[in-house]
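Reading through the structure tokens given below for one structure.
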Amino acid sequence: MTRSLLSFSEPVQNAFKKNKPVIALESSIISQGMPYPQNIKLANRLEEIALQNGITPATICIMNGKIKIGLTDKELELLAKDPDVRKVSSRDIGKVLLDKKIGATTVSATMKAADLAGIKVLATGGIGGVHRFAEESFDISMDLIELSHTPVIVVSAGAKAILDLPKTLEYLETLGVPVYGYKTDDFPAFYSSGSGLKIIRINSAKEIAEIYKKNISLGFKNGILITNPIPGKFEIPYSEMEKFIDMAIKKSKKKKIKGKALTPYLLQTLVEITSGRSLDANVKLVENNVLLACKIAKEF
Ligand code: PSU
Ligand code: MN
């Protein structure tokens, strides 16, 4: 029954048949996270990086009443261009399937799809988390909840810097989600390589896979959050970025932007305020995460 709702691309089917590693890629970053044509360039580039590293990429979305695991170039292009593509978190999957609409999957929905498809590693830019002023808005990304009950390794550059990072880390602890820094003990802040918040350091992809295997052996259902800092030469220092983020958040409050529209609005506003610098950093950090996801996938 599950299988009938999943639709695998040919390359992904072949990889499974030959027992070759596959990584999952989310699509909300394409449809809601970045403007055209940078989004399609990135989507193609990420697939290329995976292939060059001997890994089959499976970008995930919802189309024609199916959860698609692996997309064609045409399908990627559609996700990048069509303004009507919905932003789909886990809770939205059923409705978008029924409506036969096109849905771009966030980290939470992509984790769910990856788990159903048997894919253990997912690469994204930055996960969603606890928004600033969440004590008023209650806005906490479903990504965190999904990490607590879906056994997928999510490779990120930390949580998006527009969020309340200390609260996000606290909430991940409450939810029982292990958070590790790849070759760092400083929680990465998306555009910046560190936030000053301490996390546990891990030095190899092998160790990450081993922890995951132990958790699975014990029947644990939680995922693992790997945070991989943006390479230093591409980062925008935290102190510099904070001013821009404050400006973007003030603008969102004035315009009363809320709910699922908030994250895309803030990311887009930052691209404008920084004259594209934040977009360049976003691209670089995602590429870096795909590279690490490939290394981890090879350990299975
Ligand atoms: N990472 C990026 N850009 C993005 C996202 C992640 O570099 O646009 C998306 C992811 O799909 C993530 C979502 O799951 O933003 C979080 O949205 P929200 O805060 O509404 O849960
Ligand atoms: Mn939200």
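If I ask for residues that are closer than 16 Å to K66 by Cα and of a type outside the set (D, E, K, R), which ones from the range 1-19 would you list? Steps first, answer last, please.
From the range 1-19, those closer than 16 Å to K66 by Cα are 1-10, 12-13; that's our starting set.
Within the range 1-19, M1, T2, S4, L5, L6, S7, F8, S9, V12, Q13 qualify.
Residue-by-condition table, conditions (1) within 16 Å of ligand 1 (Cβ to nearest atom); (2) free of Cβ contacts under 8 Å to residues at least 60 places away in the same chain:
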position: I40; (1), (2): yes, yes
position: A50; (1), (2): no, no
position: G54; (1), (2): no, no
position: N64; (1), (2): no, yes
position: T72; (1), (2): no, no
position: A104; (1), (2): yes, no
position: V107; (1), (2): yes, no
Quick one: is S239 of a type in the set (S, T, Y), assigned to a loop (DSSP other than H, G, I, E, B) and open to solvent by 10 Å² or more (accessible area, probe 1.4 Å)?
-> no
Would you point out the residue of the range 97-120, among those that are over 16 Å from T2 (Cα atoms) and more than 13 Å from the chain's Cα centre (by Cα), that is surrounded by the most Cβ atoms within 10 Å (Cβ to Cβ)?
-> G103
When both residues are 6+ apart or on different chains and their Cβ atoms are under 6 Å apart, which pairs have a first residue that lies in the range 248-275 and is within 16 Å of ligand 2 (Cβ to nearest atom), and a second that is basic (K, R) and open to solvent by less than 70 Å² (accessible area, probe 1.4 Å)?
-> K260/K87
When the range 189-205 is checked residue by residue, the ones that are of a type in the set (V, I, T) and crowded, with 20+ Cβ neighbours inside 10 Å are I199, I202
Picked from the range 121-130 (must be more than 9 Å from the chain's Cα centre (by Cα) and either over 16 Å from G33 (Cβ atoms) or more than 8 Å from ligand 1 (Cβ to nearest atom) (or both)), the residue surrounded by the fewest Cβ atoms within 10 Å (Cβ to Cβ) is V130
What are the residues in the range 86-95 that are surrounded by fewer than 23 Cβ atoms within 10 Å (Cβ to Cβ) and either out of contact with any Lys or Arg (no Cβ under 8 Å at 6 or more places or on another chain) or part of a helix (DSSP H, G or I) (or both), if any?
-> S90, R91, D92, I93, G94, K95
Of everything in the range 34-72 that's open to solvent by 70 Å² or more (accessible area, probe 1.4 Å) and of a type outside the set (S, T, N, Q), which residue is farthest from I296 (Cα to Cα)?
-> Y36
Over the range 126-159, the set of residues out of contact with any helix residue (DSSP H, G or I) (no Cβ under 7 Å at 6 or more places or on another chain), within 11 Å of ligand 2 (Cβ to nearest atom) and not in a helix (DSSP H, G or I) is F138, S141
Qualifying residue in the range 24-31 (condition: closer than 16 Å to V290 by Cβ, free of Cβ contacts under 8 Å to residues at least 40 places away in the same chain and open to solvent by less than 10 Å² (accessible area, probe 1.4 Å)) = no
Please work out which one of (1) assigned to a loop (DSSP other than H, G, I, E, B); (2) surrounded by fewer than 22 Cβ atoms within 10 Å (Cβ to Cβ) is the condition E75 fails and give its number.
-> (1)
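Condition check ((1) in contact with a strand residue (DSSP E or B) (Cβ under 9 Å, 6 or more places away or on another chain); (2) closer than 24 Å to V152 by Cβ; (3) open to solvent by less than 30 Å² (accessible area, probe 1.4 Å)) across all residues:
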{"position": "D185", "(1), (2), (3)": "yes, yes, no"}
{"position": "I211", "(1), (2), (3)": "yes, yes, no"}
{"position": "N222", "(1), (2), (3)": "no, yes, yes"}
{"position": "I230", "(1), (2), (3)": "yes, yes, yes"}
{"position": "F244", "(1), (2), (3)": "no, no, no"}
{"position": "K255", "(1), (2), (3)": "no, no, no"}
{"position": "A261", "(1), (2), (3)": "yes, no, no"}
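The values are calculated or read from the model by the stated rules, or taken from the named source; none is laboratory data. Remember, it's a predicted structure, so these values are computed and weren't measured experimentally. Cβ: placed from backbone, ideal geometry, glycine included. Neighbour counts: every protein chain shown. Side chains are part of the model used for accessible areas, which takes the heavy atoms of the whole protein and leaves out ligands, DNA and RNA. Shrake-Rupley method; radii C 1.70, N 1.55, O 1.52, S 1.80 Å.
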